[in-house]
Amino acid sequence: AQSVSQHNHHVILSEAASLELGCNYSYGGTVNLFWYVQYPGQHLQLLLKYFSGDPLVKGIKGFEAEFIKSKFSFNLRKPSVQWSDTAEYFCAARPNTNAGKSTFGDGTTLTVKP
Amino acid sequence: ETGVTQSPTHLIKTRGQQVTLRCSSQSGHNTVSWYQQALGQGPQFIFQYYREEENGRGNFPPRFSGLQFPNYSSELNVNALELDDSALYLCASSPGLGNQPQHFGDGTRLSIL
C-alpha cells in the first residue's frame with residue numbers, strides 16, 4: 001500500500017532561517033510527487049510537483065524540492081523563510097497511472113516568527 | 001477562471017442521519033476526487049469520478065457514495081453518519097486522468113453530534 005510520511009509535525013523558525021521539511025514515500029511503482037501548502041483560512045494550493053526528469057524541482061515563492069529515488073524522499077526546501085510562509089505543508093504521492101488517488105502525509109505546521 | 005467551489009461550508013448533523021455535500025469543478029475539469037481530512041491528519045482519498053463514472057475508491061465503507069453529473073459537478077453522500085465522520089471534506093478537480101495536478105476547494109466542515 002502507498003504511504004507518505006512527514007517527520008516534522010511542527011517547525012518553528014525565525015525569519016531568514018533556512019527550511020527543510022522531510023517527506024518519505026512508500027510505493028512499489030513510479031510515482032508523481034507533490035507539495036501543497038495551506039495558508040490559514042485558505043484551500044490547499046500546489047507549491048511544486050515532480051513527474052519525471054530533473055530531480056530538483058522549483059516551485060512558487062522560492063520553494064524547491066529534491067527527489068532522491070534511492071531514499072524514497074522528496075524533501076522541501078527554502079533558503080530563507082518569511083513570516084508569510086507560516087502555513088501547513090503537505091507532501092503527497094500518487095501512482096502515475098491515475099490522477100486522483102493521491103496519498104497525503106499528515107502535514108507539517110510551519111510557524112515563522114518575525 | 002472559476003475555481004473549485006464546495007457547499008455548504010459548514011454542516012452539523014447527528015448520528016444516523018444522511019448528508020449530501022456538493023462540489024463544482026473548475027472550468028474544463030472532468031475529473032473530481034473527494035477526500036476526508038480529520039483533525040491533525042492529511043487528506044484521505046475517498047473516491048474519484050471521471051466522466052460520470054467512479055474511477056477508483058479508497059478504504060471507505062459503502063455508506064460513502066457519490067455522483068458526477070454531465071456538467072462534471074459532483075456530490076458526496078454519506079449515510080448512517082457516525083461520530084468519526086466529523087471532518088473536513090475536500091473536493092479536488094483536474095483536467096482528466098493524465099499527469100495534471102489537482103485543484104482543491106475550500107472544503108465542507110462536517111460535525112456530527
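One residue stands out in segment A:28-44 among those that are within 11 Å of chain B (Cβ to nearest Cβ) and without any contact (Cβ under 8 Å) to a residue 12 or more places away in the chain: the one that is nearest to the chain's Cα centre (by Cα), namely A:43. Among the residues of segment A:75-107, the one identified as β-branched (Val, Ile, Thr) and in a strand (DSSP E or B) is A:103. Taken as a whole, the structure leaves residue A:11 outside the set of residues that are modelled with pLDDT of 95 or more and within 11 Å of chain B (Cβ to nearest Cβ).
Taking residue B:105, is it within 20 Å of residue A:32 (Cβ to Cβ), open to solvent by less than 40 Å² (accessible area, probe 1.4 Å) and within 8 Å of chain A (Cβ to nearest Cβ)? No, not satisfied.
In segment B:1-53, the residue that is farthest from the other protein chains (Cβ to nearest Cβ) out of those that are over 21 Å from residue A:92 (Cα atoms) and touching a helix residue (DSSP H, G or I) at 6+ places or on another chain (Cβ under 9 Å) is B:15.
If we scan segment B:67-89, do we find a residue that is within 11 Å of chain A (Cβ to nearest Cβ), farther than 23 Å from residue A:6 by Cβ and open to solvent by 20 Å² or more (accessible area, probe 1.4 Å)? No - not one qualifying residue is present in segment B:67-89. Among the residues of segment A:57-74, is there at least one that is farther than 22 Å from residue B:46 by Cα, within 14 Å of chain B (Cβ to nearest Cβ) and part of a loop (DSSP other than H, G, I, E, B)? Yes, segment A:57-74 has at least one match.
The criterion of being out of contact with any Ser or Thr (no Cβ under 8 Å at 6 or more places or on another chain) and hydroxyl-bearing (Ser, Thr, Tyr) holds for residue A:73.
The values are calculated or read from the model by the stated rules, or taken from the named source; none is laboratory data. Everything quoted here is computed from the prediction, not taken from an experiment. In this analysis, Cβ positions are derived from the backbone assuming ideal geometry, glycine residues included, and neighbour counts consider all displayed protein chains. Remember, those area values only see protein heavy atoms, side chains included, never the ligands or the DNA or RNA. Shrake-Rupley method; radii C 1.70, N 1.55, O 1.52, S 1.80 Å.
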